[in-house]
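Here is the structure we will look at, set down as structure tokens.
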Amino acid sequence: MNAGVSVRIVGVLIAVVLVVPTIVICATAFTGGSAVTFPPQGFSFRWIEDVLGDRRWMRAFGNSFAVGALAAVFSMVAGAALALGAARARGAIASVFTAVSVLPMIVPLVVGAIGFYLVYARLGLTGNVVGLALAHGVLGLPYVFVNVLALLRTLDPRIEEAARIHGASQLRTLATVTLPLLAPATVIGGLLAFISSWDEVVVATFLSDARFQTLPVLMYGQIRSGVEPSVSAVSLIVTVVTFGVALIVFAVGPIRARLARRSSRS
Amino acid sequence: MGRVLTIEGGGRRWWVSVGLLGLLFVLLALVVPLAIVVQRSLDAGFENFADALGSASFIRSLGNTAQLAISTTICSAVIGYPYAYAMARSGRTMSRILMTALMLSFWTSLLVRSYAWQVILNDTGLVNELLQAIGVIEEPLQLIRTPAATLIGMTHILVPFTILAIYAQLRGISPDLAMAARGLGATRTRAFWSVTFPLSMPGLAAGSLLVFVLTLGYYVTPQLLGGAGNPVIGQSIVEQTNTLLNTGVGSAMAVLLLVIVIVILGVAARFLGLGRVLGIATERSTR
């Protein structure tokens, strides 16, 4: 039974409210004036040019990208390993693997941030890419875990057994058969981990210092000290990158579904 | 080949050792830091906990957080239900439009969305300008730095989780059931409330639980939209550790927050199944 007209109208109104904030910010990035107002005054690229020419913003951009990419690698390696363990071990050990993979999702960011700070500060892992990528890597791990686990459930075990029967070692089978089969799901999880790192503020604030800041950390400081259109311009750039990655995820998704269908048919 | 091949060509022990590699990473990168927070909270016996629970401002932030979590959950359910229903029970074009709008919002950075609401709710923001233009108000309303602003921002950020949970549930309910009720003489309203709605309850409950728990740990959105006047737990914790440099008391507060979250999820897992709730959480980030 289809939704009535009134429900549809309510749906569309909510849809408008859902997208208005994104539209407002993207529009204010093109203002010609020097205040963040909506509708923007005039039209210009000056704030975007401003940001692209500003070394502080560009360095933060590079830091965010490096942290996100390295975090995605950590998430992919550890998340795929845990998914394999959870799917193929038995009993208590499998439960432990699952519990540990879900844990990063449950811990509130503020709580995690204090822990990261207390430990990483002692190890010289604050104020640099590696420390923050470790923290973001563990926080993004559940995305990889969930996606790889779902794919593992549809995988035909005989493919790997065939490799072993033909004499491949366990490690060789893993590297040349299992992991390539898992690659689409691992990449989707990694991209999601990248995005979650890309817009994470709380942990990043705790693990950054005056010389090492990510884009969200710099944005957050800027927003708190007074709004100006350059923040909108940065927001626009951040949003464009996120949407770009999201489109890749949506593009890879169907490929993965096709692969899953193919292997379950065999 | 003397050994029998088992379990996807590896043997159980092999896969356990592969899993242990990931386990080790989580232990070192996350579990050890959490253990250190617990240790730090206990570094003066239970004094840090006594200080935390004895501070009027922390108790007030607990109340604020509970209030925010309850109201965000209710608002998300009330707004999210009709949206999910329209998405699940409309033609292809309508469903696509609603799903696209949802994803556009969902994939916009949390920080950007909080910033956007700050711009919209400002004294010279969109809402005040509009209300003044149509003559509803003379002077701008104080919207920003109020609990209402935090509620608006939080609902906007978290309602996608409720929508996706209800939508998944509704998609699993055959529309024929409501049609059958209509055929037996029930009105449209009656068919919805006595057939479709009860069947969609598990989705609504899972989404609401997730929103409630996620709200408890938020820091950035309340700080940007609500200001420091009505702090939530997250703000109290950051104030203790960053401003007052009192990591002991801050850690105690953090441990209390973590325990609250784990207890709620533990109780909920008995009724709903944790997998369902956390499955929605990974649809897309976070907090």
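The values are calculated or read from the model by the stated rules, or taken from the named source; none is laboratory data. Not measured: the values here are computed from a predicted model. Cβ: placed from backbone, ideal geometry, glycine included. Neighbour counts: every protein chain shown. SASA here: full protein model, heavy atoms, side chains in, ligands and nucleic acids out. Shrake-Rupley method; radii C 1.70, N 1.55, O 1.52, S 1.80 Å.
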### Query
Rg and Dmax of chain A, using alpha carbons, in Å: what are they?
22.3, 70
### Task
Sort B:Leu199, A:Leu207 by accessible area with a 1.4 Å probe, largest first.
B:Leu199, A:Leu207
#### Entry: Theoretical FRET efficiency, 1/(1+(r/R0)^6), r = Cβ-Cβ of A:Ala92 and A:Arg153, R0 25 Å, to 0.05
0.75
### Query
Normalized C-alpha radius of gyration of the protein assembly as shown, against 2.2 N^0.38 Å?
1.01
### Query
Tell me, what % of the accessible area of the range A:76-163 is carbon and sulfur with a 1.4 angstrom probe?
66
### Query
Quick one: Cα centre-to-centre distance for the range A:92-115 and the range B:17-81, in angstrom?
12
### Task
Answer with one residue from B:Ala191, B:Met103, B:Thr73: the one whose Cα lies farthest towards the positive end of the charge dipole of chain B, charges on Cβ with Lys, Arg +1 and Asp, Glu -1.
B:Ala191
#### Entry: Calculated over the range B:45-281: convex hull of Cα atoms, volume per residue (Å³)
158
## Note on the structure
At the level of C-alpha centres, the distance separating the range A:1-62 and the range A:203-234, in angstrom, is 18
#### Entry: Inter-label distance for B:Ile70 and B:Asn242, nm, one decimal - labels placed 7 Å from Cα along Cα-to-Cβ
2.9
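How much mean residue ellipticity at 222 nm does the protein assembly as shown get from its helices, if each DSSP H run of length 4 or more adds -39500 (n - 2.57) and you divide by all residues, to the nearest 500 deg cm²/dmol?
My calculation for the protein assembly as shown gives -24500 deg cm²/dmol from helical runs alone.
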### Query
Can you tell which of A:Ala81, A:Ala233, A:Ala92 shows the greatest fluctuation in a Gaussian network model of chain A with Cα springs below 10 Å?
A:Ala92
### Query
Among B:Leu141, B:Leu62, B:Leu30, which one moves the most in a GNM of chain B with springs linking Cα atoms closer than 10 Å?
B:Leu30
## Note on the structure
Highest GNM mean-square fluctuation among B:Leu121, B:Leu42, B:Leu24, for chain B with Cα springs under 10 Å, belongs to B:Leu24
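Taking the Cβ of B:Gln235 as the center, what net charge do the other residues with Cβ under 14 Å away carry, scoring Lys and Arg +1 and Asp and Glu -1? All intermediate terms of the calculation are to be shown ahead of the outcome.
Working: positive: A:Arg224, B:Arg60, B:Arg145; negative: B:Glu239.
Overall, the nearby charge balance is +2.
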### Message
Just to be sure I understand: if you take the accessible area of chain A alone plus chain B alone and subtract the pair, with a 1.4 Å probe, what total do you get in Å², rounded to 100?
### Response
8300
### Message
Suppose all protein chains stay in the model; what accessible area per residue would a 1.4 Å probe give for chain A, in Å²?
### Response
41
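Pull out the extension gain between A:Val130 and A:Ala175, defined as 0.36 nm times the separation in residues minus the alpha carbon to alpha carbon distance; nm, one decimal.
Gain on stretching A:Val130 to A:Ala175: 13.6 nm.
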#### Entry: Minimum 50 Å² accessible area buried by the other protein chains, the range B:111-138 residues, probe 1.4 Å, relative to alone
B:Leu111, B:Val112, B:Tyr115, B:Val119, B:Leu126
### Approximate spin-label separation A:Ile248-B:Thr124, in nm, with each point projected 7 Å along Cα-to-Cβ
4.0
#### Entry: Additional length obtainable on full extension of the chain from B:Arg96 to B:Ile134, 0.36 nm per residue less Cα span
10.3 nm
### Cα-based Rg of the range A:1-44 normalised by 2.2 N^0.38 Å, two decimals
1.70
### Relative contact order, percent, chain A [alpha-carbon distance under 8 Å, six or more residues apart]
28
### Message
Below 8 Å between Cα atoms, with a sequence gap of 6+, how large is the relative contact order for chain B in percent?
### Response
27
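Go ahead and run the numbers for FRET between A:Ala66 and B:Leu184, Cβ-Cβ distance against an R0 of 60 Å, rounding to 0.05.
Rounded to the nearest 0.05, the efficiency is 0.45.
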### Between 0 and 90°, nearest 10: helix A:55-88 axis offset from chain A longest Cα axis
20
#### Entry: Mean Kyte hydropathy of 0.5 or more with a Cα span along the axis of at least 24 Å, helices from DSSP in chain B
B:56-88, B:147-171, B:197-216, B:247-272
### Task
Keeping the other protein chains in place, figure out the carbon and sulfur percent of the accessible area of chain B, with a 1.4 Å probe.
65
### Å² of accessible area per residue within the range B:172-213, as computed with a 1.4 Å probe and no ligands counted
52
